[in-house]
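Worksheet: the structure to be examined is printed underneath.
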Amino acid sequence: MFGNMGNMGGMMKKMQKLQTDMAKLQEELKLRTVEVSAGGGAVKIVMNGEKQVQSLSISPAAVDPEDVEMLEDLMAAAFNEATQKVDDMMAQEMGKLTGGMNLPKGLF
């Protein structure tokens with residue numbers, strides 16, 4: 001009747017270690033950055049693992065008062081790509097830790 005209790009205890013310890021390792025990794029990933037550009041380098045964004053923009057540079061050639069919409073589009077494209085890169089980085093690193101287990105988002 002209690003033969004599986006040892007297995008359950010071992011599984012709980014593994015889950016606790018996984019949770020600790022994931023929390024540590026999440027803190028490390030917050031410090032990493034991704035860099036993207038749009039419009040052939042006209043707009044560049046550096047974003048950290050917390051999805052906070054660390055730097056934004058805009059080429060003077062991209063600033064055309066007659067075409068503000070183009071600059072807005074370039075900025076949106078760069079921001080969206082940077083956000084996706086952060087998500088991909090997080091998923092890749094968490095996947096290494098979990099061994100490919102598909103854990104529900106937000107579990108840890």
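A few notes on this one:
- Ranking ALA91, ALA78, THR20 by Cα position along the charge dipole of the chain, where only Lys, Arg, Asp and Glu carry charges on their C-beta atoms, puts THR20 farthest toward the positive end.
- Among MET12, MET22, MET70, the largest mean-square fluctuation in a Gaussian network model of the chain (Cα springs under 10 Å) belongs to MET12.
- Using the rule -39500 (n - 2.57) for each DSSP H run of four or more residues, divided by the residues of the chain, the 222 nm mean residue ellipticity is -19500 deg cm²/dmol.
- Here is the list for the range 1-89: GluC sites (Glu not before Pro) lying in DSSP coil, each with at most 13 other C-beta atoms within 10 angstrom of its C-beta, are GLU50, GLU66.
- Computed lengthening from LEU29 to GLU66, 0.36 nm per intervening residue step minus Cα-Cα distance: 9.3 nm
- For the range 31-100, the dipole from Cβ point charges (+1 on Lys and Arg, -1 on Asp and Glu) about the Cα centre works out to 520 debye, to the nearest 20.
- Listed residue pairs exceeding 18 Å between alpha carbons, taken from LYS44/LYS85; LYS17/LYS85; LYS51/LYS96; LYS14/LYS96: LYS17/LYS85; LYS51/LYS96
- For the pair ASP73 and THR20, label points projected 7 Å from Cα toward Cβ lie 5.2 nm apart.
None of the figures in this text is laboratory data; all of them are computed from the coordinates on show. Fair warning: this is a prediction, and the values are worked out from it, not measured in the lab. Counting neighbours? That spans all protein chains shown, and the Cβs are built from the backbone with ideal geometry, glycine included.
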